[in-house]
Amino acid sequence: MTASGAQSLMRIRLRAEQDVFVVRQLGREVARAVGLEQQDQTRLATALSEVGRVMLAAGPDTEVEFTAEPNGVPTLRVAVGNPQPGGAAEIGAQLVQVGRLVDTMEVSDGETGTVVRMARRLPASAPRLTPDRMDEIRAGLAQHVPGTPLDELSVQNQQLIAALDEVRAQRDDLARLNAELEETNRGVMALYHQLSDELEETNRGVVALYAELDERSVQLRAASEAKSRFLANVSHELRAPVTAVIGLTRLLLDPASDPLTAEQRRQVDLIGGSAGDLLTLVNDLLDLAKAEAGRIEPQWSEVDLRVVFGQLRGTLRPLATRPEVDFVVEEPAVPGLRSDEVLLARVLRNLLTNAIKFTAEGSVTLAVRAVGDDVEFTVADTGTGIPPELHERIFEEFYQVPGSRAITGKGTGLGLPYARRLVGILGGGLRVDSVPGEGSTFTVRLPKS
Ligand code: ADP
């Protein structure tokens with residue numbers, strides 16, 4: 001009956017019903033000796049007494065052998081054999097529940113009769129089953145004096161009480177866990193409700209904010225349109241009388257008119273100059289109002305940059321007459337682009353005029369280059385420069401850098417906002433890089449096509 005590698009610990013023969021108590025006690029002893037835990041000792045003892053009872057009922061002369069498997073996973077095995085042949089099916093049916101108390105149980109018919117084999121793995125905490133330890137266990141078991149059935153009953157009762165205690169402790173644990181779980185659930189639900197309330201509240205806030213934003217942007221658009229309309233109307237109304245004043249001063253100064261005294265001539269000159277400034281302002285305002293009102297429709301065509309650069313060179317050279325300043329219009333590195341020639345030239349002229357106005361010495365340079373699918377025009381000067389915090393403000397209407405004085409000519413503070421509008425209409429952007437005292441570079445970026 002000994003399995004390979006397993007070593008016999010003890011063998012006992014059952015003849016009468018009382019022997020079931022003996023085998024039960026012995027089973028517990030062996031289980032304890034090889035290192036099974038308390039509960040497993042009871043399980044094995046119970047399984048063994050059940051198997052013994054069933055086997056004895058099938059026929060007397062039942063033999064029980066305990067073996068231990070010290071190698072691999074240390075295991076305790078018990079074989080209960082009965083010389084009655086062919087009883088495996090019936091015995092197996094009676095022991096179905098018992099099988100649960102051990103790791104494996106099998107009932108088989110062999111040449112020597114019916115055998116029930118059970119096995120239980122030993123826990124890692126069990127002492128190693130060295131040959132010495134095996135001898136020690138054998139010696140201990142040989143000295144084991146079986147108790148009376150009454151002793152065994154009392155032990156069984158104690159085990160039952162312990163098992164019941166454990167069941168109660170487990171039930172209490174379960175009840176406590178359930179209570180905790182319920183509490184946690186309540187907490188989670190409360191948190192969930194609070195979060196969804198907050199979310200709803202936030203959503204309501206966002207919706208209200210968007211509604212307000214929409215309303216504000218409608219108001220803003222209306223205000224901006226009203227401003228453009230006002231600017232356009234006022235400047236249009238002003239243009240006729242201002243042009244008339246200029247015409248009248250010319251008439252007064254005409255050699256064919258009645259002669260004026262030197263003082264009168266000086267005053268009429270002053271009137272003419274102021275009226276000229278006013279006309280420039282009115283014209284700038286009218287241009288800006290038109291651009292803002294979306295009334296500028298670009299005329300798209302292939303623009304030959306050599307032509308545009310040539311014209312700018314020609315028209316602006318008279319402004320850049322000071323020998324201290326080099327006025328350079330480079331040969332265009334990009335032959336052309338699809339744009340509105342008139343609007344593009346107006347933007348570049350505007351930037352070049354500014355550069356000439358604010359540069360006392362050094363150079364003013366216009367250049368163009370390709371950047372990916374875009375074209376970049378740069379107007380670079382070595383003039384007064386603009387403090388970094390004002391780089392955006394100079395694009396606001398009427399804004400002029402405090403203390404900045406044009407070297408030549410005057411300004412209205414409308415040139416840059418107008419230029420930026422036009423560049424926007426052409427589908428591009430206008431930006432500035434500048435260091436006070438070193439100079440400024442204005443960059444116009446436009447799509448090539
Ligand atoms: P303005 O008619 O005064 O030139 P702009 O809108 O063209 O109006 O420019 C606004 C202001 O930006 C100018 O008054 C000047 O202070 C500053 N600015 C513009 N271009 C330059 C430049 N190239 N160098 C230094 N400052 C400049």
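The values are calculated or read from the model by the stated rules, or taken from the named source; none is laboratory data. Note that the structure is predicted; figures quoted are calculated from it, not measured. So basically every Cβ, Gly included, is an ideal-geometry build from the backbone, and we count neighbours across all protein chains shown.
Just wondering, is there one or more residues in segment 144-162 that are among the hydroxyl-bearing types (Ser, Thr, Tyr), modelled with pLDDT under 90 and either outside any helix (DSSP H, G or I) or exposed (fewer than 10 other Cβ atoms within 10 Å of the Cβ) (or both)? The answer is yes, given that some residue of segment 144-162 is among the hydroxyl-bearing types (Ser, Thr, Tyr), modelled with pLDDT under 90 and either outside any helix (DSSP H, G or I) or exposed (fewer than 10 other Cβ atoms within 10 Å of the Cβ) (or both). Checking each residue of segment 59-66 against the condition of being under 20 Å from MET134 (Cβ atoms), in a strand (DSSP E or B), of a type in the set (A, V, I, L, M, F, W, C) and in the same structural domain as ALA126 (by TED's automatic domain parsing) gives at least one match. Could you check segment 416-430 and list, in sequence order, the residues that are surrounded by fewer than 14 Cβ atoms within 10 Å (Cβ to Cβ) and near the ligand (Cβ under 7 Å from one of its atoms)? Listed by number, the list is empty, since nothing qualifies.
Modelled with pLDDT of 90 or more, of a type in the set (S, T, N, Q) and surrounded by 15 or more Cβ atoms within 10 Å (Cβ to Cβ) - does that describe any residue in segment 262-271? No, that holds for no residue.
Of the residues making up segment 286-311, those that are touching a residue at least 60 places away in the same chain (Cβ under 8 Å), in contact with a strand residue (DSSP E or B) (Cβ under 8 Å, 6 or more places away or on another chain) and part of a helix (DSSP H, G or I) number 1. Please verify whether VAL401 is among the hydrophobic types (A, V, I, L, M, F, W, C) and free of Cβ contacts under 8 Å to residues at least 60 places away in the same chain, treating the condition exactly as stated. So VAL401 passes the test. Has segment 321-344 got any residue that is closer than 18 Å to GLY427 by Cα, without any contact (Cβ under 8 Å) to a residue 12 or more places away in the chain and part of a loop (DSSP other than H, G, I, E, B)? Within segment 321-344, not a single residue is closer than 18 Å to GLY427 by Cα, without any contact (Cβ under 8 Å) to a residue 12 or more places away in the chain and part of a loop (DSSP other than H, G, I, E, B). Reported count of residues in segment 67-103, each being of a type in the set (D, E, K, R) and in a helix (DSSP H, G or I), is 2. For segment 297-313, the set of residues classified as small (Gly, Ala, Ser) and over 23 Å from GLU376 (Cβ atoms) is empty. Looking only at residues of segment 434-446 that are of a type outside the set (Val, Ile, Thr) and closer than 20 Å to ARG421 by Cβ, we find that the one that is farthest from the ligand (Cβ to nearest atom) is LEU446.
Okay, residues lined up against (1) of a type outside the set (Ser, Thr, Tyr); (2) closer than 22 Å to THR321 by Cα; (3) within 11 Å of the ligand (Cβ to nearest atom); (4) modelled with pLDDT of 95 or more:
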site	(1), (2), (3), (4)
VAL379	yes, yes, yes, yes
THR382	no, yes, yes, yes
ILE386	yes, no, yes, yes
GLY403	yes, no, yes, no
ALA406	yes, yes, yes, no
LYS410	yes, yes, yes, no
LEU414	yes, no, yes, no
VAL432	yes, no, yes, yes
LYS448	yes, no, no, no
